[in-house]
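Working notes, beginning with the structure itself.
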Amino acid sequence: MPTFENSIEIKYPRESVFDWYASRGAFNRVMPEWEKLTPLEFTGGFKDGTRNTFRMRIGPFPKKWVAEHSGLIDGYQFHDSMKKGPFSKWEHTHIFEDIQDGCKVIDRIEWKLPFHILTSPFGSRIVTGRMKNIFRHRNRRLVADLKRHNNFKGEPKKRILVTGSTGLIGEQLCCFLNTGGHQVVRLARPETKLPPDPGEVIHWDPESGELSSGSLEGFDAVIHLAGAGIGDKRWSKKRKSLIRDSRVGPTNRLCILLSELENPPEVFLSASAIGWYGDRGDEEVNEDSASGKGFLPDVCQEWEDATAPASNSGIRVVKFRSGVVVTPIGGMLSKIIFPTKMGAGGPISNGKQYLSWISLDDEIYAIHHLLMRGDLGGAYNLTAPMPVMQKQFAKILGKVLWRPSFAPLPKPIVLLMFGEMGRRLLLEGQRVSPNKLIESGYVFEHQNLESCLRDALGRWRD
């Protein structure tokens with residue numbers, strides 16, 4: 001029977017490494033972005049007899065995987081076996097050993113494909129290659145997460161309320177905070193579809209500001225991410241109203257609620273966007289630059305101004321202006337991967353508009369950095385320090401995917417297909433520098449776009 005083994009030595013205590021794996025957020029953190037696994041039933045942790053179910057894809061076909069945990073030796077070992085899924089057998093043992101100055105993590109997998117005698121000649125190479133990629137990602141993510149938590153090891157764990165927790169950034173942020181031992185509570189509409197095992201949830205109506213369950217008392221921090229997707233649909237008058245109204249009003253109402261608490265949180269972190277700067281050509285802008293003009297700058301200005309009740313009551317307020325988050329899970333990259341793979345990647349219009357990007361990991365780690373640093377407040381740009389022109393982005397993505405990147409998308413086609421949304425999001429750009437974030441001591445996981453794309457897509461050179 002084929003056996004795959006991965007091992008990594010980590011300069012952190014075995015107990016800390018095991019606790020990371022045992023946390024509610026570990027599953028989403030260890031699974032690569034390009035695999036796009038979806039938890040269906042998930043309990044977190046791995047007590048003997050518990051089962052986790054998730055959906056995966058084998059080529060174009062969805063497949064359900066049911067794993068059962070056993071063999072738990074707390075702090076040292078756990079085991080999971082596939083009860084339903086694409087393999088005829090899958091036995092995965094996780095071992096944690098003490099070594100000098102740290103811990104050694106060993107993953108040993110015994111597996112067998114259906115019709116093993118027939119599929120073994122070509123199947124083994126495919127399966128082994130896929131597992132090597134998964135564990136390369138897992139090793140890097142594990143070390144990076146532990147390092148970021150360790151940066152604040154002397155700080156007490158926090159009770160954190162998160163809105164927009166099911167979104168692209170929110171879900172990964174909640175999972176990362178869980179792996180660090182923080183208590184994460186979701187603030188959501190009653191009709192919000194939550195992930196399996198979401199933990200504690202408080203329900204509210206963002207339009208009225210009324211809570212239908214729970215209390216906002218007793219939180220150390222609130223992270224506000226909610227808002228309708230800016231690039232999800234073509235902008236009609238109704239859509240533009242939704243984009244604005246889902247941000248400005250709820251932010252203001254939430255800040256009023258927090259300001260009236262007997263024990264308000266220490267910090268309120270509110271999402272914003274680099275759309276605040278408007279179309280700036282090749283001008284380099286930073287947090288001290290003036291806002292732009294137009295729909296997006298106006299929305300961002302109102303969005304940030306809506307936090308005033310919190311800051312006026314003495315709560316530390318951080319407004320983070322996010323750039324384009326680069327991940328195949330969602331957002332821009334998820335929309336252009338397929339056409340790029342089909343050879344249709346290339347410059348949009350003349351491709352000279354600047355694209356200020358940030359990796360998903362850096363988005364999460366930067367928010368965590370701003371959360372934990374009690375001396376930081378005001379506006380911060382969450383973008384990588386090396387923005388690129390759109391034609392450079394297309395060229396680098398083509399290089400990573402081994403595809404040509406010269407097929408242009410003319411401006412008239414963009415306007416025909418996407419209207420005003422296309423003009424503002426695809427034809428205009430901002431060259432944004434994260435000056436304040438760097439000055440605060442934040443160190444980027446991905447400064448270079450190519451390394452970001454290779455990690456996000458599992459397309460390394462070696």
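The values are calculated or read from the model by the stated rules, or taken from the named source; none is laboratory data. Every value quoted in this text rests on a predicted model; they were computed, and no experiment measured them. So basically every Cβ, Gly included, is an ideal-geometry build from the backbone, and we count neighbours across all protein chains shown. Protein only, heavy atoms only, side chains kept; ligands, DNA and RNA dropped before computing areas. Shrake-Rupley method; radii C 1.70, N 1.55, O 1.52, S 1.80 Å.
So the values come out like this:
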{"quantity": "Residue within the range 338-351 that is of a type outside the set (Gly, Ala, Ser), touching a Ser or Thr at 6+ places or on another chain (Cβ under 8 Å) and under 25 Å from Asp245 (Cα atoms) present", "calculated": "no"}
{"quantity": "Matching strands (runs of 3 or more DSSP E) fully within the range 69-171 where at least 2 residues are more than 30 Å from Trp204 (Cα to Cα)", "calculated": "77-84, 89-99, 102-112"}
{"quantity": "Among (1) open to solvent by less than 30 Å² (accessible area, probe 1.4 Å); (2) acidic (Asp, Glu); (3) assigned to a loop (DSSP other than H, G, I, E, B), the one test that Glu304 misses", "calculated": "(3)"}
{"quantity": "Residue check, Ser213 of a type outside the set (Asp, Glu), over 25 Å from Trp20 (Cα atoms) and touching a residue at least 24 places away in the same chain (Cβ under 8 Å)", "calculated": "no"}
{"quantity": "Residue check, Ile202 of a type outside the set (Gly, Ala, Ser) and over 27 Å from Ile274 (Cβ atoms)", "calculated": "yes"}
{"quantity": "From the options Glu217, Glu210, residue that is farther than 16 Å from Gly275 by Cβ, open to solvent by 40 Å² or more (accessible area, probe 1.4 Å) and at pLDDT 95 or above", "calculated": "Glu217"}
{"quantity": "Members of the range 47-94 found to be modelled with pLDDT under 95, among the aromatic types (Phe, Trp, Tyr) and either open to solvent by 50 Å² or more (accessible area, probe 1.4 Å) or over 16 Å from Asp107 (Cβ atoms) (or both), listed by number", "calculated": "Phe54, Phe61, Trp65"}
{"quantity": "Residue in the range 309-317 that is of a type in the set (Val, Ile, Thr), surrounded by 20 or more Cβ atoms within 10 Å (Cβ to Cβ) and in a loop (DSSP other than H, G, I, E, B) present", "calculated": "yes"}
{"quantity": "Among (1) among the small types (Gly, Ala, Ser); (2) open to solvent by 40 Å² or more (accessible area, probe 1.4 Å); (3) outside any helix (DSSP H, G or I) - the single one Ser241 does not satisfy", "calculated": "(3)"}
{"quantity": "Candidate set from the range 190-205 (those that are over 21 Å from the mean Cα position of the chain (by Cα) and more than 15 Å from Phe219 (Cα to Cα)); member that is least open to solvent (accessible area, probe 1.4 Å)", "calculated": "Trp204"}
{"quantity": "Inter-residue pairs, beta-carbon under 7 Å, first of a type in the set (Phe, Trp, Tyr) and in the range 347-361, second in a strand (DSSP E or B) and open to solvent by 20 Å² or more (accessible area, probe 1.4 Å), 6+ apart", "calculated": "Tyr354/Met389; Tyr354/Arg431; Trp357/Val324"}
{"quantity": "Answer residue from the range 408-421, given it is open to solvent by less than 30 Å² (accessible area, probe 1.4 Å) and either over 25 Å from the mean Cα position of the chain (by Cα) or among the acidic types (Asp, Glu) (or both) and is modelled with the lowest pLDDT among those", "calculated": "Val414"}
{"quantity": "Filter pass, Thr166 being open to solvent by 50 Å² or more (accessible area, probe 1.4 Å), more than 30 Å from Glu15 (Cβ to Cβ) and of a type in the set (Val, Ile, Thr)", "calculated": "yes"}
{"quantity": "Among residues of the range 75-89, those that are touching a residue at least 60 places away in the same chain (Cβ under 8 Å) and over 30 Å from Tyr12 (Cβ atoms), counted", "calculated": "1"}
{"quantity": "Residue satisfying condition, being touching a Lys or Arg at 6+ places or on another chain (Cβ under 9 Å) and open to solvent by 50 Å² or more (accessible area, probe 1.4 Å), within set Met342, Met389", "calculated": "Met342"}
{"quantity": "Considering residues of the range 284-295 that are in contact with an Asp or Glu (Cβ under 9 Å, 6 or more places away or on another chain) and either of a type in the set (S, T, N, Q) or part of a helix (DSSP H, G or I) (or both) only, the residue farthest from Thr383 (Cα to Cα)", "calculated": "Phe295"}
{"quantity": "Options Leu296, Leu360, Leu370; residue that is of a type in the set (A, V, I, L, M), buried (at least 18 other Cβ atoms within 10 Å of the Cβ) and over 28 Å from Lys153 (Cα atoms)", "calculated": "Leu296"}
{"quantity": "Every residue from the range 1-15 that is at pLDDT below 95 and surrounded by 15 or more Cβ atoms within 10 Å (Cβ to Cβ)", "calculated": "Pro2, Phe4"}
{"quantity": "Hey, Asn263 free of Cβ contacts under 8 Å to residues at least 60 places away in the same chain and in a loop (DSSP other than H, G, I, E, B) or not", "calculated": "yes"}
{"quantity": "Per-region count, the range 95-133, residues aliphatic (A, V, I, L, M), surrounded by fewer than 16 Cβ atoms within 10 Å (Cβ to Cβ) and at pLDDT below 90", "calculated": "3"}
{"quantity": "Residue ID - modelled with the lowest pLDDT, chosen from residues in the range 422-456 that are in a helix (DSSP H, G or I) and open to solvent by less than 20 Å² (accessible area, probe 1.4 Å)", "calculated": "Gly422"}
{"quantity": "Residue check, Tyr380 at pLDDT 95 or above and open to solvent by 20 Å² or more (accessible area, probe 1.4 Å)", "calculated": "no"}
{"quantity": "Filtered residues of the range 369-412 (kept if of a type in the set (S, T, N, Q), within 20 Å of Ser272 (Cβ to Cβ) and either in a loop (DSSP other than H, G, I, E, B) or in contact with a His (Cβ under 8 Å, 6 or more places away or on another chain) (or both))", "calculated": "Thr383"}
{"quantity": "When residues of the range 178-189 are limited to those that are β-branched (Val, Ile, Thr) and out of contact with any Phe, Trp or Tyr (no Cβ under 7 Å at 6 or more places or on another chain), the one least open to solvent (accessible area, probe 1.4 Å)", "calculated": "Val185"}
